[in-house]
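Read the structure below first, then the notes.
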Amino acid sequence: MSTSSSSSSSSSSSTTTGSLSRRRSTPVDSGLGWLDDRLGVAKGGRIFMDKIFPDHWSFLLGEIALYSFVVLLATGVFLTLYFVPSAAQTVYHGVYKPLDGVKMSEAYASSVNISFAVRSGLVIRQMHHWAADVFIGSIAVHMCRIFFTGAFRKPRELNWIVGVSLLFLAIVNGFLGYSLPDDLISGTGIRIAYSILLSIPLVGSYLATLVFGGVFPGDGSIIPRFFILHVLILPAIIAGLIGAHLFMLVRQKHTQFPGHGRTEDNVVGSPMFPTFMAKTTGFLFMVTGVLWALGGLAQINPIWQFGPYVPYKISYAVQPDWYMGWLDGAMRIMPSWEFAGFGHTIPFMVFLPGVLFPGLTSILFIFWPFIEQKLTGDRAEHHLLDRPRDRPRRTAVGAAFLAFYFMLFCASSTDVLANFFQVSLNVVLWTFRFVVFIVPIIVGLFTYRICLDMTGVSHVGKRKRAVLIVRSATGEYTTVDTEARPGDGHHELEPMLVPGFIEGLDGDGAEGGEPGVRRVVRRP
Amino acid sequence: MATVRRTMHVRYLLPAAVVAAVGLGGLLTSLSAGASTRSRAPSGTHAIAAPTPPIRYVGNFTPAQVHEGQVLFEANCSSCHGTQAEGSAVAPDLQGLGPATVDFWVSTGRMPLADASVQATRKPARFDNQQATAIAAYVASLAPTAQGFPSGIPYVDTQAGSLSMGNRLFVLNCAACHTITGAGDALAEGAYAPSLHVATSTQVAEAVRTGPGNMPVFGPGTLSNAQVADIVAYVTGPIQHPNDRGGIGLGGIGPVAEGFVALLIGVGGIMLIAFWLGERA
């Protein structure tokens, strides 16, 4: 076992000898006692602190998103202190000379000021932007873990839906935040969003007028509207959904990989306090540290180089942030089809990739648990995770979809690829129109084959052992399995009963088993 | 026992070291960003009453220059363009295009041509500035310069140009192909807008005035000499030496590079930390 178990073993060994119940009370104890006398926190707090979390590293992926969100909130609050959410025109006379005397919106001027005139403003702004990129990236990775291990199956379908909603809300909020500085690049993005709204049949023009307060660029209300959505409404919904996400996780208990002593009825891992608490707090600091380092060392979105957004000006080579890449890619490779007749035009080249495609994607993602139930007929409760290779069809479908969206993501940089590899842009475009469909099929079949080949491999879930490769006198190579390395301190986890209350530990310690590993019996 | 103790040490030291290093790095970068806030930004200058014109067009060449140019032209150019620069089936007529056109193509290394692809590529120039000027002088001596083309090689007083006016003109006229950071990008059918990060002030002015390849000509009716000087000042200033505060510049190609850094270094790096924190079986 790793550090986590050794620290927890020391704590549980101290509790098993009963020293906790007999030791002298500290100021913390009396403080907690004071709270308990008034609010009765002991019972709930005890259940919470004894909550068992499995230790597998892939269960920490969601926490990357959680802590990126914490960083987003903290840095975002700092930015709101200096950002002016207004499209009112002003003339810039700030530190950055190439923009001196240029007419621009208050939003852009304040964003440039945050980058140049506010102390540590640029570090915070870049941290905020990197944290947004990492936030959505870690949600995607976390979602892949949930998908490929089947953690969305009954009884966790609701939590899957909450998670998918969080992904799409995060993407929308990322786009809104990216649009706020009102620089030339982000203004182009808002222009595209306006066109996407317009492309919706029947209601498009009304909807676009409603959102923008008039024909593009509207009456200047888009910046304050995006601002209030970005800093208040969507973060509040996201925070609420994260709360629901975690509440359901605690209520339903965490899933775990199958292994020695792990059954559908127990959870093997470390208790919330102190082991998991220490580990996850450290993880918070490390995520923050990485985002801080990125914010300080790697430039992101140097808006002062772009200048303010003016509707009749444009820069070539405009891409959205990475999480919008799949939509941008779909838009780029879409042939220019449209329907014109009866006095109306339906621009399929915008409506299909810009509205229908993300709509279908979200429906498919949200309803996936039920789609799979329908296909497999498996409606049983599952608390033990699948290994991806043991579900070759799901794994193949997932890999194919990942490949599909990744190819669309790459299609979002057609011009960069054409320029870098010095090939014709038209060739790159046509290539993507085919590989977007061909690559997922190949990836899916390949994954299916690999999964089939990997089922039946022994030692699943066991620690790896060294293999000796021996060459005989005749030149033949054979492999010999070795024993587990002697004295390396690793041993498989043994389950151990955890009582509801700490007093019970005195007696239960005698039951033996591996110290530091507890078992929670799932109550029906 | 000794090895066990050593691994224990590493086990506890490594997290501490990582946290310390990341924290220290963050602290230093925020301090340095704070410090650079105080440092002065490059100062743009508005020319109030320029004693010299913003662009000097030098078109008076000596007979010695013309002669040197003729020797070079006959040896290196005439096989395609003809000895009198009258053009052929494979190369255009150069007569009347003026010295600025010729100087641009030769000094950027595009001529002599490497191969007949969609677009001539910038490469290390075969001739130095003096030789390029001589070739331009020879071609200019063959015929009077046509209407709309400058009759001399432009030399720009970049100090006189206004950076903020240059910024506005650049976004309006240049960024649609060369991109807002001047990195250049692919256009349709194999053509491309080249990067502006290596062009000299004279070459930028020549390109604006003569419109090489797919680029349109921006004549005196479109942009005044002062405006061209503003653009040149902006290109040779902030475009070629961008204020890359905030860390590594990532090539000025925007979210493509940023996305890879966010996913590979950001998410990937943190996943490695998670892998190290958690159990693996």
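Every residue, every condition in (1) over 21 Å from A:K51 (Cα atoms); (2) out of contact with any strand residue (DSSP E or B) (no Cβ under 7 Å at 6 or more places or on another chain); (3) without any contact (Cβ under 8 Å) to a residue 12 or more places away in the chain, yes or no:
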residue	(1), (2), (3)
A:I237	yes, yes, no
A:M248	no, yes, no
A:K253	no, yes, no
A:P271	no, no, no
A:F283	no, yes, no
Condition broken by B:P255, with the remaining ones in (1) in contact (Cβ under 8 Å) with a residue 24 or more places away in the chain; (2) crowded, with 20+ Cβ neighbours inside 10 Å satisfied: (1)
Elements of type helices (runs of 4 or more DSSP H) in segment A:92-192, at least 1 residues being touching a strand residue (DSSP E or B) at 6+ places or on another chain (Cβ under 9 Å), of a type in the set (A, V, I, L, M, F, W, C) and surrounded by 22 or more Cβ atoms within 10 Å (Cβ to Cβ): A:106-116, A:121-148
Helices (runs of 4 or more DSSP H) within segment B:145-240 that include 2 or more residues within 12 Å of chain A (Cβ to nearest Cβ) and surrounded by 20 or more Cβ atoms within 10 Å (Cβ to Cβ): B:163-173, B:175-178, B:225-234
Number of the condition not met by A:H344 [criteria: (1) touching a residue at least 40 places away in the same chain (Cβ under 8 Å); (2) within 23 Å of the chain's Cα centre (by Cα)]: (2)
Options A:G213, A:G204, A:G220, A:G187: the member that is modelled with pLDDT under 95 and farther than 30 Å from A:V102 by Cβ: A:G204
Of all residues making up segment A:293-312, the number that are more than 7 Å from chain B (Cβ to nearest Cβ), assigned to a helix (DSSP H, G or I) and of a type in the set (A, V, I, L, M, F, W, C): 1
Criterion violated by B:H241 - all others in (1) of a type outside the set (G, A, S); (2) under 24 Å from A:G121 (Cα atoms); (3) touching an Asp or Glu at 6+ places or on another chain (Cβ under 9 Å) satisfied: (3)
Residue satisfying all of: in segment A:299-357; among the hydroxyl-bearing types (S, T, Y) and farther than 21 Å from A:G174 by Cβ; surrounded by the fewest Cβ atoms within 10 Å (Cβ to Cβ) among these: A:Y312
Selection status of A:F446, at pLDDT 95 or above and either within 14 Å of chain B (Cβ to nearest Cβ) or more than 19 Å from A:T149 (Cβ to Cβ) (or both): yes
Matching option when the condition is within 10 Å of another protein chain (Cβ to nearest Cβ) and either within 27 Å of B:M271 (Cα to Cα) or in contact (Cβ under 8 Å) with a residue 40 or more places away in the chain (or both), among A:I222, A:I196, A:I136: A:I136
Residue check, A:W130 of a type in the set (F, W, Y) and within 12 Å of chain B (Cβ to nearest Cβ): yes
Checklist (1) closer than 26 Å to A:W160 by Cα; (2) in contact with a strand residue (DSSP E or B) (Cβ under 8 Å, 6 or more places away or on another chain); (3) hydrophobic (A, V, I, L, M, F, W, C) applied to A:A298, failing item: (1)
Every pair of residues 6+ apart whose Cβ atoms lie under 9 Å, when the first sits in segment A:55-71 and is over 12 Å from A:L291 (Cβ atoms) and at the interface with chain B (Cβ under 7 Å from one of its Cβ atoms) while the second is surrounded by fewer than 23 Cβ atoms within 10 Å (Cβ to Cβ) and acidic (D, E): A:D55/B:E279; A:H56/B:E279; A:W57/B:E279
Exclusive hit being within 38 Å of the chain's Cα centre (by Cα), more than 30 Å from A:L229 (Cβ to Cβ) and at pLDDT below 85, set A:S10, A:S21, A:S58: A:S10
Those residues of segment B:241-264 which are in a helix (DSSP H, G or I) and more than 7 Å from every other protein chain (Cβ to nearest Cβ), in sequence order: B:G251, B:G252, B:A257, B:F260, B:L264
Selection count where residues are buried (at least 18 other Cβ atoms within 10 Å of the Cβ) and assigned to a helix (DSSP H, G or I), scope segment A:200-223: 5
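The values are calculated or read from the model by the stated rules, or taken from the named source; none is laboratory data. Only a predicted model underlies this, so the values are computations on that prediction, with no experimental measurement involved. For neighbour counting, all protein chains shown are included, and Cβ atoms are generated from backbone atoms with ideal geometry for every residue, glycine included.
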